[in-house]
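A quick write-up on the structure given underneath.
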Amino acid sequence: MWPFSLDDARAAFEGWAADVERGGRLVLAAFADGDLVGTVQVVLALPPNQPHRAEIAKLLVHRAARGRGIARLLMERAEAEAQAEGRTLLVLDAVTGGAAAGLYAQLGWTTVGVIPSYALYPDGRPCDTTVFWKAI
Ligand SMILES: CC(C)(COP(=O)(O)OP(=O)(O)OC[C@H]1O[C@@H](n2cnc3c(N)ncnc32)[C@H](O)[C@@H]1OP(=O)(O)O)[C@@H](O)C(=O)NCCC(=O)NCCS
C-alpha cells in the first residue's frame, strides 16, 4: 500500500528470508547483466493435509525490465522448483484483468473464478482478484 518505502520493502523481504531459512518458502531472483530485475516466491509451508500443494506469490519484474519474458522465465522456474520439492498442485491469485492474468493463462493455469473486492489497490480502492490453479 502507498506510501511504500525502501524500509518497508526491506522489512517484508527480511520476513520472507526468515521463512526461507525455516524451509517454508523459496524466493527466486532473476538477474540481467548482473542486475536484479525480478523475483517470485514459492510458498511451501501449508497445512498438513496439503503436503502436495504450493502457492506462487509476489511475482515482480522491475519496470525497466518488463516485456522481455522475465516473468515467464521466473514462473517456469518456480514450477520446476515446486516440482523438485515434490509438489504437484499450484495455486495463485492475481488482480483480475491485470498484466499477470494473461501470462498465467498462457502458461496453462486454470481460472477458478473472481472474488470481488478481495484486495486493495495501492491507493486503497477495492480490487477484484482471480484465483488460478495448475497441476504440475
Ligand atoms: C506482470 C509482470 C510480472 C509481467 O512481467 P514481464 O517480465 O514484463 O512479463 P513477460 O515479458 O514475461 O510477459 C509474459 C506475458 O505476460 C503478459 N503480459 C506482460 N505484460 C503485460 C501487460 N502490460 N499487459 C498485458 N499482458 C501482459 C503477456 O501475456 C506476455 O506474453 P507475450 O509477451 O507473449 O504477449 C510485471 O508487469 C510486473 O511486475 N507487474 C507488477 C507486479 C504484478 O502485477 N505482479 C503480478 C502479481 S499476481
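How large is the dipole of region 67-136 about the Cα centre if only Lys and Arg carry +1 and Asp and Glu carry -1, each at its Cβ, rounded to the nearest 20 debye? Using only the charged Cβ atoms, the result is roughly 140 debye. Charges were assigned to the Cβ only: +1 to each Lys and Arg, -1 to each Asp and Glu. The resulting dipole of region 1-96 about its Cα centre is roughly 240 debye.
Adding -39500 (n - 2.57) for every DSSP H run of four residues or longer, then dividing by how many residues the chain holds, sets the calculated 222 nm ellipticity at -9000 deg cm²/dmol. Inter-label distance, Asp33 to Leu120: 3.8 nm, where each label sits 7 Å from its Cα along the C-beta direction. Note that the chain presents 61 Å² accessible area per residue, ligands and nucleic acids not counted, probe 1.4 Å. Accessible area per residue was computed with a 1.4 Å probe on protein heavy atoms; Trp133 scores about 100 Å².
Of the solvent-accessible surface of the chain, computed with a 1.4 Å probe and all protein chains present, 56% belongs to carbon and sulfur. With a cut-off of 14 Å on the backbone N, the residues of region 40-57 near the modelled label site 7 Å out from Asp19 along Cα-Cβ are 40-47, 54-57. Of Tyr118, Tyr104, the order by accessible heavy-atom surface (1.4 Å probe, DNA, RNA and ligands excluded), from most exposed downward, is Tyr118, Tyr104. For a paramagnetic label modelled on Met1 (point 7 Å from Cα along Cα→Cβ), amide N atoms under 15 Å away belong, within region 93-136, to 118-127. Only one residue of Ala12, Ala99, Gly124 has its Cα farthest out toward the positive end of the dipole of the chain, where Lys and Arg carry +1 and Asp and Glu -1 on Cβ, and that residue is Ala99.
The values are calculated or read from the model by the stated rules, or taken from the named source; none is laboratory data. Nothing here was measured: the structure is a model prediction, and the numbers come from that model. Please note: Cβ atoms are built from the backbone with ideal geometry, for glycine as well, and neighbour counts cover all protein chains shown. The protein model used for the area step is the full one, side chains on, heavy atoms only, and it has no ligands, DNA or RNA in it. Shrake-Rupley method; radii C 1.70, N 1.55, O 1.52, S 1.80 Å.
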